[in-house]
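Visitor: Just passing along the structure, written as structure tokens.
The values are calculated or read from the model by the stated rules, or taken from the named source; none is laboratory data. Treat the numbers as computed from the prediction; the structure is a model and nothing was measured. Please note: Cβ atoms are built from the backbone with ideal geometry, for glycine as well, and neighbour counts cover all protein chains shown. For accessibility, only protein heavy atoms count, side chains too; no ligands or nucleic acids. Shrake-Rupley method; radii C 1.70, N 1.55, O 1.52, S 1.80 Å.
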Amino acid sequence: YQRRVREPDIDTMKASRQAAEYAAKRKAQLERAEQLRAERAAKQGSSMQACRQDVWGSEQTIPEPRAAEREKLHAERATKKKSSIHDRPAWDFGVPEPAPEPQPPAAPMSELDFYHQKYERPSRAAAPRNASRRPPSQGRRAAAADRGPPRLSAARSHELTEAYMEEWDRGYAAITGTEIARPEPLPVRGVDLGNKSVQAGSITMMDAGRSSGWLQGPVAPQGKVLDCSDRPILCMSVLNDEAVLGNSDHALYVMNLTTGRRVRSLYSKRYGHSEWVTCVSHLPDGRVISGGMDSKLCLWDARGVKCTDLLGHAGSISVLKVSGDGQLALSGSYDKTIRVWDTSRKLELCALSGSHRGPVLDLAFGHSTVVSGGRDGLGVLWDLGSGTCVRKLRGHSGHVTAVASYNSHAGDDQAVFLTGAQDGQLKIWDIRAAGCLQSLPLHLRDGKSGAVSMIETTDNLVVTAGADSQIHVMEPRMSWKVRSSFTDHRDFIYSLHIVPNGSIAFSGGGDGMLLAHDLDQGRLLYGLGANQAAVRCIGTSGDRMVAAGDDGNAIVYEFS
């Protein structure tokens with residue numbers, strides 16, 4: 001044992017010595033062959049056969065084609081890069097590898113250019129500098145507006161996702177031999193509104209006004225907790241003493257606000273959503289309409305657990321709006337379309353498409369018009385009567401995250417529309433004037449912009465909330481002057497709700513705090529701990545307020 005450990009292995013040393021001798025002998029033979037080859041080449045009469053006979057002293061004949069193959073193989077081995085000693089032939093063991101020639105550095109390529117090249121989508125950087133979609137006489141500003149957001153803007157991040165999904169569809173079709181079925185677009189047609197106009201507005205059965213109860217706070221600050229689910233609540237609708245909560249567990253829960261009990265669960269094997277429920281709204285007759293990530297809407301009966309599926313979208317439903325009379329419903333989706341539904345006949349009336357190049361994020365009703373905002377950085381004004389695009393609202397450098405219409409009661413037409421985006425800008429548009437009426441950089445803090453999350457309007461006020469944890473109150477009659485600002489939130493603002501016909505606004509933050517603001521006086525009234533995580537939904541009905549969020553619970557506050 002001591003001899004094996006302390007003394008080297010004799011057999012190993014002998015084998016190593018023999019390998020070294022063989023390598024040296026083989027190297028000398030090759031050097032001699034190269035020397036003879038050079039001499040015979042100088043004398044203009046040498047051949048590969050004669051060279052091999054001089055080296056090996058053999059008289060056997062080697063066919064010339066075989067000799068050419070060996071010479072070609074020898075050249076390939078001499079130029080081949082050897083990554084390790086195991087890749088080298090036995091005769092080359094121990095011979096140092098020549099240093100590789102330096103290569104010029106490759107031009108740097110951004111990640112976006114790489115994806116453009118991979119998915120065969122030409123980069124805008126390769127276009128001629130003077131290329132323009134409009135005549136040069138109209139100026140650079142018009143040409144820049146037509147090109148849309150900058151190539152590296154967040155408003156164009158969805159293009160990579162679309163290119164990836166297209167490649168995924170092609171790969172799926174190549175493997176399975178079947179193509180994914182896509183719904184055929186409906187022909188462009190409008191909605192017959194007759195002599196009536198479509199008005200926006202939420203359903204409220206009792207106005208709260210500016211009562212002392214809302215100013216002083218709830219009767220019981222701890223509230224009444226409604227245990228719904230262990231998954232986050234994403235949307236909510238309140239009507240009378242009933243609240244419908246859309247959950248990420250694919251179900252909707254109907255809760256009684258008086259007793260605090262669950263009335264019914266809108267989910268079964270035959271009816272309901274198969275993915276997250278992203279939006280929900282009540283109809284005046286008590287029915288409920290909901291949308292989810294399964295690309296469909298469900299129109300639920302006022303009683304029972306049955307629903308009618310409204311199919312047509314090819315992407316997740318992102319937003320759902322219902323007209324004041326409940327006859328029409330609007331749905332925006334990640335398939336870049338907006339669909340108008342007749343809730344009485346339970347069918348689709350028309351599809352508004354062709355203008356958005358990205359998913360639709362928000363919608364708002366006007367007077368026989370609809371305004372939409374998308375991830376492509378565009379706001380689009382649609383005419384419901386003809387089903388066509390009336391105007392594209394350009395100017396934002398990020399996703400258009402919130403839109404609204406403002407009715408000044410000066411006339412029947414709602415001609416003023418508001419758009420808010422990731423750039424922190426609030427833009428005011430008047431369809432009777434060309435271009436943007438006014439642009440307000442509201443949601444900016446420390447040189448950074450926060451997305452405009454929500455826009456709420458009253459008869460004489462416009463309230464915005466953003467990801468910069470700020471709330472701004474503006475008065476349109478004073479040239480959109482900022483009347484007051486609230487900076488009390490310590491986290492992102494996820495929800496905003498104004499008490500109907502009142503001046504009290506409630507806002508929910510990502511830290512679970514629910515704050516009450518006096519819009520007339522511009523002061524913070526009180527705060528409530530409404531959730532263990534983000535407060536995503538706020539609603540009022542009569543003298544009750546309901547708040548729900550990511551902890552899966554809802555809490556009801558009673559006011560005097």
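Visitor: Which order do Glu34, Glu456 take by accessible area at a 1.4 Å probe, largest first? Could the numbers behind the result be given before it?
Guide: Numbers: Glu34 95, Glu456 65 Å².
Per-residue accessible area, sorted high to low, gives Glu34, Glu456.
Visitor: Whole number in Å², please: accessible area per residue of the stretch 214-349, 1.4 Å probe, ligands, DNA and RNA not counted.
Guide: With all protein chains present, the stretch 214-349 gives 42 Å² per residue.
Visitor: Under the Karplus relation 6.51 cos²θ - 1.76 cosθ + 1.60, θ = phi - 60°, what is the ordered set of whole-Hz ³J(HN,Hα) values for the stretch 216-231, x standing for Gly and Pro?
Guide: So the Karplus estimates, Gly and Pro as x, are 8, x, x, 5, 10, x, 6, x, 10, 8, 10, 7, 9, 7, 9, 10 Hz.
Visitor: Of the cross-linked pairs Lys392/Lys427; Lys392/Lys448; Lys336/Lys392; Lys321/Lys346, which ones have a Cα-Cα span greater than 20 Å in the structure shown?
Guide: Among Lys392/Lys427; Lys392/Lys448; Lys336/Lys392; Lys321/Lys346, the Cα-Cα distance tops 20 Å for Lys392/Lys448.
Visitor: Same structure again: Report the rotationally averaged projected area of the stretch 479-539 based on its alpha-carbon convex hull, in square nanometres.
Guide: 4.4
Visitor: Moving to a separate point now. By how many nm would the segment from Gln29 to Arg261 lengthen if fully extended, with 0.36 nm per residue of separation less the alpha-carbon distance?
Guide: Extra length available between Gln29 and Arg261 comes to 73.9 nm.
Visitor: Right, something else. What ranking, highest mean first, results for peptides 17-24, 541-548 when packing means the other Cβ atoms within 10 Å averaged over each residue?
Guide: Highest mean packing first, the order is 541-548, 17-24.
Visitor: Say each of Asp511 and Arg40 gets a label point 7 Å from the Cα, pointing the same way as Cα to Cβ; how far apart are those two points in nm?
Guide: Result: 9.0 nm between the two label points.
Visitor: What distance in nm separates the simple spin-label points at Val219 and Lys448, each placed 7 Å from Cα in the Cβ direction?
Guide: About 4.4 nm separates the two model spin labels.
Visitor: Using only the alpha carbon atoms of the stretch 268-397, find the Kirkwood hydrodynamic radius as the inverse mean reciprocal pair distance, in angstroms to one decimal.
Guide: Kirkwood hydrodynamic radius for the stretch 268-397: 14.8 Å.
Visitor: Determine the relative contact order of the stretch 440-560: mean sequence separation of Cα pairs under 8 Å and six or more apart, normalised by residue count, in whole percent.
Guide: Working: 287 pairs, mean separation 17.1, N = 121.
Once divided by the residue count of the stretch 440-560, the mean separation gives 14 percent.
Visitor: If you don't mind, there's one more thing I want to ask. Assuming 0.36 nm per residue, please report the length gained on full extension of the stretch Thr487 to Ala314 beyond their Cα-Cα distance. Don't skip to the end; give the middle numbers.
Guide: Values: separation 173, 0.36 × 173 = 62.28 nm, distance 3.99 nm.
Using 0.36 nm per residue and subtracting the Cα-Cα distance, I get 58.3 nm.
Visitor: If you don't mind, another one. Taking only the alpha-carbon atoms of the stretch 398-521, what semi-axes of the equivalent ellipsoid follow from 5 times the gyration tensor eigenvalues under a square root, in whole Å, largest first?
Guide: 23, 18, 12
Visitor: Just grab the label-to-label distance for Arg77 and Asn240, each label 7 Å out from Cα along the Cβ direction, in nm (one decimal).
Guide: Here the modelled spin labels are 9.3 nm apart.
Visitor: With a 1.4 Å probe and all protein chains kept in place, how much accessible area does Arg231 have, in Å² rounded to the nearest 10?
Guide: Result for Arg231: roughly 120 Å² accessible.
Visitor: Let me ask something else. Tell me which chymotrypsin sites (Phe, Trp or Tyr not before Pro) from the stretch 245-351 have a DSSP coil assignment and no more than 14 other beta carbons within 10 Å of their own.
Guide: Of the chymotrypsin sites (Phe, Trp or Tyr not before Pro), not one in the loops of the stretch 245-351 has a Cβ with at most 14 other Cβ atoms within 10 Å.
Visitor: Sorted by average packing, counted as other Cβ atoms within 10 angstrom per residue and highest first, what order do 301-313, 422-434 take?
Guide: My ranking of the peptides, most packed first, is 422-434, 301-313.
Visitor: Taking the Cα of Asp543, stepping 7 Å toward and past its beta carbon, and measuring to each backbone N in the stretch 489-513: which are under 13 Å?
Guide: none
Visitor: Just name one of Ile493, Thr458, Val535: the one whose Cα is farthest towards the positive end of the charge dipole of the stretch 432-560 (beta-carbon charges, Lys/Arg +1, Asp/Glu -1).
Guide: Farthest towards the positive pole: Thr458.
Visitor: Let me ask something additional. Which residue, chosen from Leu384, Ser323, Ser355, occupies the Cα position most advanced towards the positive end of the dipole of the stretch 290-401, where the dipole is computed from +1 (Lys, Arg) and -1 (Asp, Glu) charges on Cβ about the Cα centre?
Guide: So the residue furthest toward the plus end is Ser355.
Visitor: Need the full-extension length gain, Met478 to Leu437, defined as separation in residues times 0.36 nm minus the C-alpha distance. One decimal, nm.
Guide: Going from the current span to full extension adds 13.3 nm.
Visitor: Using +1 at the Cβ of each Lys and Arg and -1 at the Cβ of each Asp and Glu in the stretch 265-358, identify which of Ser265, Ala314, Leu299 lies farthest towards the dipole's positive end.
Guide: Ser265
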